[in-house]
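The values are calculated or read from the model by the stated rules, or taken from the named source; none is laboratory data. Predicted model only: the values in this text are computed from it and were never measured. Cβ sites come from the backbone with ideal geometry, for glycine too, and all protein chains shown count toward neighbours. SASA here: full protein model, heavy atoms, side chains in, ligands and nucleic acids out. Shrake-Rupley method; radii C 1.70, N 1.55, O 1.52, S 1.80 Å.
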There are 2 protein chains.
Amino acid sequence: MPKIGMEPLRRRALIDATISAIGERGSLNVTVSEIAGRAGVSSALAHHYFGPKEELLQATMRQLLADLGHDSVAALRKATTPRERISAIIAVNFNAGQFREETVHAWLAFYVEAQNSLPLRRLLGVYARRLHSNLMSGLAPIMPRAEAGQMAEAIAAMIDGLYIRRALRDGLPNPASASGLVEDYVDAKLAQRAGAR
Amino acid sequence: MPKIGMEPLRRRALIDATISAIGERGSLNVTVSEIAGRAGVSSALAHHYFGPKEELLQATMRQLLADLGHDSVAALRKATTPRERISAIIAVNFNAGQFREETVHAWLAFYVEAQNSLPLRRLLGVYARRLHSNLMSGLAPIMPRAEAGQMAEAIAAMIDGLYIRRALRDGLPNPASASGLVEDYVDAKLAQRAGAR
DNA sequence: TATTTTTAATTGACTGGTCAATCAACAAAA
DNA sequence: TTTTGTTGATTGACCAGTCAATTAAAAATA
């Protein structure tokens with residue numbers, strides 16, 4: 001029973017189904033049929049809208065990236081001081097929406113797939129650069145540029161690491177304690193700087 | 001031209017081939033034939049010695065784990081103070097053998113596969129617990145247990161995160177700067193403690 | 001308004017290719 | 001002649017991607 005204007009709805013449903021399918025399987029080893037089934041359509045329709053599977057995966061990754069970006073700008077808008085900007089970025093990465101198990105699984109799976117796919121690698125590059133520059137917007141005003149760069153690198157690594165550990169032993173790093181660890185690192189570094197002055 | 005005593009040699013060659021194949025492809029999407037080919041044998045022989053593919057993967061993971069464990073005990077033996085023990089563990093994870101690109105790729109790929117495989121998940125659990133306890137052996141003597149636990153968790157996350165970032169944009173975090181970031185975190189935390197006393 | 005034509009949505013059936021796993025057979029050492 | 005090492009050939013399953021065919025809404029035409 002074809003109703004017009006289905007395309008955007010179907011695209012969105014297929015992308016959502018891709019995230020949840022990957023989240024459950026824990027890897028990109030999900031068939032197009034499986035994804036389409038979850039979205040309530042046939043695999044042929046998925047190919048109709050997205051072409052080859054690879055494109056559906058890229059669209060899904062872009063969605064994940066867009067969601068994270070949206071949350072980030074919203075959080076940064078509320079921050080007034082540099083220190084608050086740092087905390088805002090950390091908080092975003094561990095909020096309920098981003099730190100969901102299926103989302104974390106999807107990110108991890110995409111990291112692996114990116115080794116084989118230039119488009120996916122580019123998208124992850126966008127993510128890494130954006131995280132870095134967001135962190136720098138809070139760090140650069142309060143310390144020398146070089147030092148800020150190092151610290152942004154360390155914070156980013158810690159966030160990625162907590163994601164990976166979340167994927168492994170589910171539950172252990174809950175959102176609050178995970179962001180607490182990163183905040184604690186920031187506090188320690190800032191205290192060290194203040195003391196040395 | 002069958003010569004006796006080939007089994008251990010073949011097993012080892014197949015495991016090495018698995019690591020390098022996964023390292024190059026960047027994912028576990030390597031065929032048994034590809035692996036066997038690299039080891040200079042037929043795929044049938046791989047199945048003869050390891051049975052299903054899954055078992056070959058497990059054996060490979062165990063090998064990776066054993067190598068890391070071996071390096072760790074060697075490094076810890078040379079450390080005399082608690083602070084040196086911490087540095088020893090950090091150094092091991094970023095030394096030339098462990099931080100090779102293909103090794104890093106293999107670890108990452110196994111992290112993803114572990115979501116689907118109980119045996120692999122168990123093996124990664126062994127790794128996580130061992131890393132944690134090695135770090136604790138350096139941290140526990142110099143701070144309260146709870147605090148040491150937190151810090152071990154943070155260090156471990158940072159190490160894992162640097163691995164993931166290494167896999168993504170190859171080159172950027174070179175061994176020296178990667179371990180430098182972690183050492184810097186440890187120094188900041190210890191300075192913070194010393195200052196607060 | 002009634003009728004025809006075009007366009008969008010949708011799927012079942014099919015194809016071609018890939019790959020893990022098996023097996024029967026063979027070669028050489030013990 | 002038994003055991004160990006080894007492989008080519010084959011099977012069976014799975015799956016991405018294609019295509020022709022179907023339905024109904026929308027637009028155009030009479």
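Quick check: is even one residue across the range A:25-43 more than 16 Å from DNA strand D (Cβ to nearest atom), part of a helix (DSSP H, G or I) and closer than 20 Å to A:ARG166 by Cβ? Checked against the condition, which is being more than 16 Å from DNA strand D (Cβ to nearest atom), part of a helix (DSSP H, G or I) and closer than 20 Å to A:ARG166 by Cβ, the range A:25-43 yields no hits at all. Name, by its number, the condition in (1) in a helix (DSSP H, G or I); (2) more than 10 Å from chain B (Cβ to nearest Cβ) that does not hold for A:LEU108. Condition not satisfied by A:LEU108: (2).
Taking the range B:51-64 as the range and being within 14 Å of chain A (Cβ to nearest Cβ) and more than 16 Å from DNA strand D (Cβ to nearest atom) as the test, the residues that pass are B:LEU57, B:MET61.
Residues that are within 16 Å of DNA strand C (Cβ to nearest atom) and open to solvent by 60 Å² or more (accessible area, probe 1.4 Å): does the range A:99-119 have at least one? Taking every residue of the range A:99-119 in turn, at least one turns out to be within 16 Å of DNA strand C (Cβ to nearest atom) and open to solvent by 60 Å² or more (accessible area, probe 1.4 Å). Mind listing just one residue for me: the one in the range A:164-183 that is in a helix (DSSP H, G or I) and of a type in the set (S, T, N, Q) and, of those, modelled with the lowest pLDDT? Only one residue fits best here, namely A:SER177.
Residues in the range B:11-37 that are open to solvent by 70 Å² or more (accessible area, probe 1.4 Å), away from DNA strand C (no atom under 13 Å from the Cβ) and more than 19 Å from the chain's Cα centre (by Cα): 1 in all.
Can you tell me which residues in the range B:134-148 are in a helix (DSSP H, G or I) and open to solvent by 20 Å² or more (accessible area, probe 1.4 Å)? Matches in the range B:134-148: B:ASN134, B:MET136, B:SER137, B:ALA140, B:PRO141, B:ILE142, B:ARG145, B:ALA146, B:GLU147. For first residues located in the range A:178-197 and more than 30 Å from A:ARG100 (Cβ to Cβ) and among the small types (Gly, Ala, Ser), partners that are modelled with pLDDT of 95 or more and assigned to a helix (DSSP H, G or I) and lie 6+ apart or on another chain with Cβ distances below 8 Å form the pairs A:ALA191/B:ALA188. Could you tell me whether the range B:71-87 includes any residue that is on the phi < 0 side of the Ramachandran plot, away from chain A (no Cβ under 14 Å), open to solvent by 70 Å² or more (accessible area, probe 1.4 Å) and within 15 Å of DNA strand D (Cβ to nearest atom)? No, the conditions are met nowhere in the range B:71-87.
In summary, B:ILE86 fulfils each of the numbered conditions (1) of a type in the set (A, V, I, L, M); (2) within 14 Å of the chain's Cα centre (by Cα); (3) in a helix (DSSP H, G or I) with the single exception of condition (2).
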